[in-house]
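Okay, structure first, notes after.
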Amino acid sequence: MISPQFSEDAKEERYSHWPEAPQVLLHRLLVKVESVLLGKQQVIKHTLTALLAGGHVLLEDVPGVGKTLLAQAFARAVGGDFKRIQFTSDMLPADIVGGVVLDTRTSELVYRPGPIMGNVVLADEINRTSPRTQSALLEAMEEKRVTVEGKTRKLPVPFMLIATQNPLSFEGTNTLPEAQLDRFMMRLTIGYPGSAEEKRMLEQYADGNRVEPERLRPVIATEEWLQMQAEARQTHMHPVLLDYMVQVAEATRRAPEVLLGLSPRALRDWLRASQANAYMEGRGYAVPDDLLTTADAVLPHRLSLRYSAAATGADAVNVIRRTIRECPFPAALGSGFGSGKRR
């Protein structure tokens, strides 16, 4: 059994500095976002998990299913300074990170911040711009800073990027560079709503009581969010779980259909996402369920399949699921396996 036993007194002491348990605030945030994007609890929870873990989220789907809506709702609910970048084919890197301009009053060159200088940044239709412009995000996403005219400037804290993209088969889209794709902690698909949720949405529009993202009020203050992120990173990970994660990564690197397996950054993000998932459940330790719950969202987009494998219909998601299924959990996990299902 990997789960350490915490007494109720220890649990109460852990959250003694909170007026109410942080899990209550996080649940309230989930409910708030769900009032805007109906019937997508799992996608909303994954997005919150990634942002709580300090990562970035890529939402990929067909137009009109609520990608921008979800990003705006999270930005409003979390609070902080919200910026939006609408990517187009003629954008330049300076349109994102800012640039040096002449101040006519002082006749001096001054830095004019770009829209990347925000706490929550929405990069809308990120794959409609050129790879050159997309590369302006690489330093910001990993190092939380930008370099303009040889001078490095730190981004605001916290910094979260939520990007949306249309399928690559759509006209006017460009493939994201592998280095940029690997910087997204999660790649999520929203999908079409169910019939009941779609009818409920239409009823809200017809009655005039539809909740729009701009009407949402922050649920969590910026200081509270930073405290939650710090506490989530302190979630205990049993060494046996770490061994299993390394085993999965090595298996992907040896798979015959895989050109590029999981990177060390992929494992780091899987670790952080699992810690955040455990934190949202009110636990100070991670269990195998946390790894299984986050694997599909964190790992597949890090793989590059060989052309011959992709041509025969191989899929990165299925490769990850097969690898997790075939890599045996160590016996030391015992009953700590939890209720997660291995696909």
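Annotations
- Rounded FRET efficiency, nearest 0.05, which uses the C-beta distance separating Glu203 from Ala179 and R0 of 45 Å: 0.50
- Apolar share of the accessible surface for the range 96-140: 54 percent from carbon plus sulfur atoms, 1.4 Å probe.
- In order along the range 210-217, phi translates into HN-Hα couplings of 5, 8, 9, x, 5, 8, 6, 9 Hz, rounded to whole numbers, per the Karplus curve 6.51 cos²θ - 1.76 cosθ + 1.60 with θ = phi - 60° and x for Gly and Pro.
- Whole-Hz couplings from phi, Karplus 6.51/-1.76/1.60, listed for the range 145-162; x for Gly and Pro: 7, 9, 10, 10, 6, x, 10, 8, 10, 6, 7, x, 10, x, 10, 9, 10, 10
- Of the residues Thr106, Thr49, Thr294, the one that moves most in a GNM of the chain with alpha-carbon contacts below 10 Å is Thr106.
- Coupling constants for the range 55-70 follow from the phi torsions by the Karplus curve (6.51 cos²θ - 1.76 cosθ + 1.60, θ = phi - 60°), and in residue order they are x, 10, 10, 10, 9, 10, 5, 5, x, x, 9, x, 5, 5, 4, 5 Hz; glycine and proline get x.
- Shape analysis of the chain places it in the rounded category; the axes a ≥ b ≥ c from the Cα gyration tensor give an a/c below 1.5.
- Overall form of the range 235-333 per C-alpha gyration tensor (a/c, 1.5; a/b vs b/c): prolate
- Charge dipole (Cα centre; +1 on Lys/Arg Cβ, -1 on Asp/Glu Cβ; no other charges) of the chain amounts to roughly 380 debye.
- With every protein chain in place, the range 235-333: carbon and sulfur % of accessible area (1.4 Å): 54 percent
- Taking amide H atoms as placed 1.01 Å from N in the peptide plane, the amide H of Arg84 lies under 5 Å from those of Leu122, each 5 or more residues away in sequence or on another chain.
- Placing unit charges on the Cβ atoms of the charged side chains and taking the dipole of the chain about its Cα centre, the candidate lying farthest along the positive direction among Leu59, Val248, Leu26 is Val248.
- Theoretical FRET efficiency, 1/(1+(r/R0)^6), r = Cβ-Cβ of Leu259 and Gln234, R0 45 Å, to 0.05: 0.80
- Residues whose amide H comes within less than 5 Å of that of Arg145, counting only those at least five positions distant or on another chain, are Ala140, Leu155 (H built at 1.01 Å from N in the peptide plane).
- Taking every DSSP beta bridge that has both ends in the chain, the antiparallel portion is near 40%.
- Extension gain for Arg84 to Val157 (0.36 nm times residue separation, less C-alpha to C-alpha distance): 24.6 nm.
- Note on Thr222 and Arg325: the extension gain reaches 33.1 nm, defined as 0.36 nm multiplied by sequence separation minus the Cα-Cα distance.
- For the chain, accessible area per residue (1.4 Å probe, heavy atoms of protein chains only), Å²: 48 Å²
- Across q = 0.09, 0.11, 0.13, 0.21 Å⁻¹, the range 146-296 modelled as identical point scatterers on its alpha-carbon atoms has Debye log10 I(q)/I(0) values of -0.48, -0.71, -0.96, -1.34, in the order of the q list.
- Relative packing of peptides 217-224, 267-274, 75-82 - highest average C-beta neighbours within 10 Å first: 267-274, 75-82, 217-224
- Distant-in-sequence amide H partners of Leu59 (H built 1.01 Å from N, under 5 Å): Ala163, Thr164, Gln165, Leu188
- For the range 59-144, the dipole from Cβ point charges (+1 on Lys and Arg, -1 on Asp and Glu) about the Cα centre works out to 220 debye, to the nearest 20.
- Straight-line reach from Lys151: taking Cα to Cα under 19 Å and skipping same-chain neighbours fewer than 8 places apart, the aspartates and glutamates in range are Asp95, Asp103, Glu108, Glu139, Glu142, Glu143.
- Within the listed set Arg128, Arg254, Arg105, the Gaussian network model of the chain (springs between alpha-carbon atoms below 10 Å) gives the highest mean-square fluctuation for Arg105.
- Straightening the chain between Arg112 and Ser35 buys 24.1 nm, computed as 0.36 nm per residue apart minus the Cα-Cα spacing.
The values are calculated or read from the model by the stated rules, or taken from the named source; none is laboratory data. Just so it is clear, the structure is predicted and the values come from calculations on it, not from any experiment. Cβ coordinates were reconstructed from backbone atoms using ideal geometry, including for glycine residues, and neighbour counts include every protein chain displayed. Note: accessible area is taken over every heavy atom of the protein model, side chains too, but ligands, DNA and RNA are not part of it. Shrake-Rupley method; radii C 1.70, N 1.55, O 1.52, S 1.80 Å.
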